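Take a look at the structure set out below.
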Amino acid sequence: MRKRYLLGIFATLSLMAALNVGLVINQTSLAQTSAPTTSGDEVTPDADPANQPFTINGVTWRNKRVFIERARCSTRVPSLDEQERIERPTKPSGELPGDVITTSAPTGPIQVHFHVIRAANGIDGHVTNQTIQNQIAILNAAFSTTAFQFQLASVNRRNNDNWFNSGPDSLEEAKMKRNLHLGTAEELNIYSVNMPGGNLASATFPWDYAAHPRLDGISIHYSALPGGTAAPYNEGDVVVHHVGHWLGLYHTFQGGCHTPGDSVSDTREESSANFGCNIGRNTCNDAGPDPITNYMDYSDDSCMFEFTFGQSARMDSQWNQYRSGH
């Protein structure tokens, strides 16, 4: 409810600001133009925040759009062929009248193993127990409308420069996971690291587990945990987003405006990822406003607050097919 209330205020203030800006523009001389670009890598100054340089985790991007396209989420995007292959086992066969897929959710909270990877000095990358508990609480609040809840089972701290600076799908990340992974397909492993290149996080999908069980889990830049420095992605929703992947959800903009999209019928189609909090954004005109408040978009943490019923049902079926009992 807090996020919904703030979004309402945000929309009102945005409208007032837009009216004020319009008055200023009418009073400003057209002769006041931006300085010309002096090199191919530089950009002309632009008053639009969307076109301003964006810095996060010590890396400066040309603008926020470039950041979200390249580093916001490093989870791989399945091809259409893979998507069809994965969807087939979780769909009714159509051979029998009323044929349905029986789904099951965990009988208790998912056990979470949290691996805090620090630099060799034991200082850089340190994550407190309170931050970890806060993250678990945020996960439980976000998934409260689904069958999934989470419980901290263990905290493991290691000092290792190579693991600390490991990137998505790198050799060092694989070494780290193979050494530290705990539990079964039903248990969630989270690794906090210092992802290079401005990346925030990456996750594996449920169907990846059979081939690579010890690589299963989520890696996240420690600064994107609750209270970290990776604003506006430091309220705990980066982990929520990637747990969505771990439970089988795609991005809301998967496939753009085309079927099968994200394979969920009640998330509106979206041609591209959202950034910021663009209320009323509509990139697939016949589908209605984009689902920018959905956890599986790329909106700022403060803008996201929901999973749909269809996403909840999909996570149930993915759990039943690829995680339950494995």
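The values are calculated or read from the model by the stated rules, or taken from the named source; none is laboratory data. These figures come from a predicted structure and were not determined experimentally. Using ideal geometry, Cβ is built from the backbone for each residue, glycine included, and neighbour counts are taken over all protein chains shown.
Please verify whether segment 214-228 includes one or more residues that are among the acidic types (Asp, Glu), part of a loop (DSSP other than H, G, I, E, B), in contact with a Phe, Trp or Tyr (Cβ under 6 Å, 6 or more places away or on another chain) and at pLDDT 95 or above.
Going through segment 214-228, the residues among the acidic types (Asp, Glu) turn out to be 216.
Filter once more, keeping what is part of a loop (DSSP other than H, G, I, E, B): 216.
Checking which are in contact with a Phe, Trp or Tyr (Cβ under 6 Å, 6 or more places away or on another chain) leaves us with 216.
With at pLDDT 95 or above added as a condition, the list becomes 216.
Yes - at least one qualifying residue is present in segment 214-228.
Take segment 104-141 and flag every residue that is among the hydrophobic types (A, V, I, L, M, F, W, C), outside any loop (DSSP other than H, G, I, E, B) and either touching a residue at least 12 places away in the same chain (Cβ under 8 Å) or within 24 Å of Ser166 (Cα to Cα) (or both).
Of segment 104-141, the ones among the hydrophobic types (A, V, I, L, M, F, W, C) are 105, 110, 112, 114, 116-117, 119-120, 123, 127, 132, 136-139, 141.
From the residues that got through so far, the ones that are outside any loop (DSSP other than H, G, I, E, B) too are 110, 112, 114, 116-117, 132, 136-139, 141.
Those that are among the hydrophobic types (A, V, I, L, M, F, W, C), outside any loop (DSSP other than H, G, I, E, B) and either touching a residue at least 12 places away in the same chain (Cβ under 8 Å) or within 24 Å of Ser166 (Cα to Cα) (or both): Ile110, Val112, Phe114, Val116, Ile117, Ile132, Ile136, Ile138, Leu139.
Looking at (1) out of contact with any Lys or Arg (no Cβ under 7 Å at 6 or more places or on another chain); (2) farther than 19 Å from Thr75 by Cβ, which one does Pro260 not meet, given that it meets all the others?
Single failed check for Pro260: (2).
I'm trying to understand the selection: among the residues of segment 229-247, which are in a loop (DSSP other than H, G, I, E, B) and aromatic (Phe, Trp, Tyr)? Steps first, please.
First, pick out the residues of segment 229-247 that are in a loop (DSSP other than H, G, I, E, B): 229-236, 247.
Result: Tyr233, single match.
When you go through Tyr250, Tyr298, Tyr322 one by one, which is the residue that is aromatic (Phe, Trp, Tyr), assigned to a loop (DSSP other than H, G, I, E, B) and either in contact with a Leu (Cβ under 8 Å, 6 or more places away or on another chain) or closer than 27 Å to Thr107 by Cβ (or both)? Let's see the steps before the verdict.
Working: Tyr298 fails: either in contact with a Leu (Cβ under 8 Å, 6 or more places away or on another chain) or closer than 27 Å to Thr107 by Cβ (or both); Tyr322 fails: assigned to a loop (DSSP other than H, G, I, E, B).
Testing whether each residue is aromatic (Phe, Trp, Tyr), assigned to a loop (DSSP other than H, G, I, E, B) and either in contact with a Leu (Cβ under 8 Å, 6 or more places away or on another chain) or closer than 27 Å to Thr107 by Cβ (or both) leaves just Tyr250.
How many of the residues making up segment 196-213 are touching a helix residue (DSSP H, G or I) at 6+ places or on another chain (Cβ under 9 Å) and within 16 Å of Pro168 (Cβ to Cβ)?
Residues that pass the stated criteria total 11.
Name the pairs whose Cβ atoms lie under 8 Å apart, with the first residue in segment 300-326 and closer than 24 Å to Leu225 by Cα, the second part of a helix (DSSP H, G or I) and modelled with pLDDT under 95, and 6 or more positions between them or separate chains?
Ser302/Lys3; Ser302/Leu6; Cys303/Lys3; Cys303/Leu7; Met304/Lys3; Phe305/Lys3; Phe305/Arg4
Spot the failing condition for Pro232; the list is (1) surrounded by 17 or more Cβ atoms within 10 Å (Cβ to Cβ); (2) within 16 Å of the chain's Cα centre (by Cα), and only one is missed.
Here Pro232 clears every test but (1).
Go through (1) assigned to a loop (DSSP other than H, G, I, E, B); (2) surrounded by 18 or more Cβ atoms within 10 Å (Cβ to Cβ); (3) at pLDDT 95 or above; (4) not hydrophobic (A, V, I, L, M, F, W, C) for Ser144 and report which single condition fails.
The single condition Ser144 does not satisfy is (2).
Could you tell me which of the residues Asn199, Asn194 is touching a residue at least 24 places away in the same chain (Cβ under 8 Å) and either surrounded by 22 or more Cβ atoms within 10 Å (Cβ to Cβ) or over 20 Å from the mean Cα position of the chain (by Cα) (or both)? Lay out the reasoning, then the answer.
Numbers: Asn194 fails: either surrounded by 22 or more Cβ atoms within 10 Å (Cβ to Cβ) or over 20 Å from the mean Cα position of the chain (by Cα) (or both).
So the residue among Asn199, Asn194 that is touching a residue at least 24 places away in the same chain (Cβ under 8 Å) and either surrounded by 22 or more Cβ atoms within 10 Å (Cβ to Cβ) or over 20 Å from the mean Cα position of the chain (by Cα) (or both) is Asn199.
Would you confirm, using the coordinates I've provided, whether Pro109 is modelled with pLDDT of 85 or more, surrounded by 13 or more Cβ atoms within 10 Å (Cβ to Cβ) and either within 20 Å of Tyr222 (Cβ to Cβ) or out of contact with any Leu (no Cβ under 6 Å at 6 or more places or on another chain) (or both)?
Details: modelled with pLDDT of 85 or more: yes; surrounded by 13 or more Cβ atoms within 10 Å (Cβ to Cβ): yes; either within 20 Å of Tyr222 (Cβ to Cβ) or out of contact with any Leu (no Cβ under 6 Å at 6 or more places or on another chain) (or both): yes.
Yes, satisfied.
Which residues, counting only those in segment 66-77, are surrounded by 17 or more Cβ atoms within 10 Å (Cβ to Cβ) and of a type outside the set (Phe, Trp, Tyr)? Working first, answer last.
So the first thing to find is which residues in segment 66-77 are surrounded by 17 or more Cβ atoms within 10 Å (Cβ to Cβ), and the list is 67-68, 71-75.
Selection gives Ile68, Ala71, Arg72, Cys73, Ser74, Thr75.
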